[in-house]
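Following: one structure in structure tokens, then a few remarks.
The values are calculated or read from the model by the stated rules, or taken from the named source; none is laboratory data. All values derive from a computational prediction rather than experimental measurement. Cβ placement follows ideal geometry from the backbone for every residue including glycine, while neighbour counts extend to all protein chains displayed.
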Amino acid sequence: MVLAILQARMSSTRLPGKVMMDLLGQPMIARQIERVRRAKQLSGLVVATSTGSEDDVLADWCAGACVDCYRGPLDDVLARFLGALVAHGMPEHFVRLTADCPLADPVLIDCAIAEHLQTGADYTHVQQKWTFPKGLDVEVCRTAVLEEVGRVAAGPDREHVTRFIYTHPDRFRIHAINRDPPLPYRWTVDTPEDFFFVQSVYADLYPANPAFTSEDVLAWQDAHPDRILINADA
């Protein structure tokens, strides 16, 4: 059993409320959930948001859309994840996703889960070196490892959930999935420019094929080189 936990909040610093911004008639988070649910290795999905009043609108949307939602501390996101895991029966493994990635790739999610289980890793990631477009972030983790982290992590390590794990490779079995050649593109949403890019992709690809793939997005970029965004962190 591998549970997807989708981290979301309304109080984004650079683009407040982005998770509920309209993307072809649905909130951006709805479009991401639609894509994530195509992953075949997931047993379920829960949105993990905060107990802050600013996130009431997100929790209300989840309730109306029949999307499971767990609410926990705003800044102690590690505690929020642990609470979500407890509420869902402590599955052996979980996938961490963030709600600023409306081009999430279900095939890559399945690949990350498969490699995580095959290698026996404590933590598997595809995001640290950005060899995939930023916005295809996937982290797979053993729940027991996050419990261990919850007992020792402090400060920024509690805000960033898995930071303690990937900064202690001597302590945990870490497996990285990289792409060669790298694709240093920016498919995440942190700025209005990012959102315009995603809007353009959806407007051109979604009506003909709601299940459009990452390969379709790459082909779209080839046809629209003027709209490509490059990830500055690559």
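Worth pointing out:
- Matching residues, segment 89-138, being of a type outside the set (A, V, I, L, M, F, W, C), more than 12 Å from the chain's Cα centre (by Cα) and on the phi > 0 side of the Ramachandran plot: GLY89, GLY120
- Top-ranked residue of segment 101-141 - restricted to ones that are part of a strand (DSSP E or B) and touching a residue at least 60 places away in the same chain (Cβ under 8 Å), ranked as nearest to LYS40 (Cα to Cα): VAL140
- Residues in segment 175-234 that are charged (D, E, K, R), farther than 27 Å from THR13 by Cα and surrounded by 14 or more Cβ atoms within 10 Å (Cβ to Cβ): ARG179, ASP204, ASP216.
- Annotation: of all residues in segment 142-153 being touching a residue at least 60 places away in the same chain (Cβ under 8 Å) and among the hydrophobic types (A, V, I, L, M, F, W, C), the one that is nearest to ALA99 (Cα to Cα) is LEU146.
- Taking the criterion of being farther than 19 Å from THR13 by Cα, over 20 Å from the mean Cα position of the chain (by Cα) and not small (Gly, Ala, Ser), the only residue of segment 50-85 that qualifies is ASP60.
- Test set (1) in a helix (DSSP H, G or I); (2) crowded, with 21+ Cβ neighbours inside 10 Å - VAL95 fails condition number: (1)
- Any helices (runs of 4 or more DSSP H) falling wholly within segment 142-206 and containing at least 1 residues that are within 23 Å of THR131 (Cα to Cα): 163-166, 192-205
- Some residue of segment 31-52 being out of contact with any His (no Cβ under 8 Å at 6 or more places or on another chain), over 27 Å from TYR202 (Cα atoms) and hydrophobic (A, V, I, L, M, F, W, C): no
- Long-range neighbours under 6 Å by Cβ, at least six apart or interchain, first residue free of Cβ contacts under 8 Å to residues at least 12 places away in the same chain and basic (Lys, Arg) within segment 154-181, second surrounded by 14 or more Cβ atoms within 10 Å (Cβ to Cβ) and not in a loop (DSSP other than H, G, I, E, B): ARG163/ASP157
Each row is one residue, and each column tells you yes or no for (1) within 13 Å of the chain's Cα centre (by Cα); (2) under 19 Å from ASP76 (Cα atoms); (3) at pLDDT 95 or above; (4) in a loop (DSSP other than H, G, I, E, B).
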residue	(1), (2), (3), (4)
ILE5	yes, yes, yes, no
MET10	no, yes, yes, yes
THR13	no, yes, no, yes
VAL19	yes, no, yes, no
ARG31	yes, no, yes, no
ARG35	yes, no, yes, no
ARG38	no, no, yes, yes
GLN41	no, no, yes, yes
VAL47	yes, yes, yes, no
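- Tally, over segment 208-227, of residues that are assigned to a loop (DSSP other than H, G, I, E, B) and without any contact (Cβ under 8 Å) to a residue 60 or more places away in the chain: 4
- Pick from segment 1-25, criterion within 23 Å of ALA203 (Cα to Cα) and touching an Asp or Glu at 6+ places or on another chain (Cβ under 8 Å), ranking: surrounded by the most Cβ atoms within 10 Å (Cβ to Cβ): VAL19
- When segment 86-112 is filtered for residues that are in contact with a helix residue (DSSP H, G or I) (Cβ under 8 Å, 6 or more places away or on another chain), under 27 Å from THR13 (Cβ atoms) and not aliphatic (A, V, I, L, M), the ones remaining, listed by number, are PHE94, ARG96, ASP100, CYS101, PRO102, ASP105.
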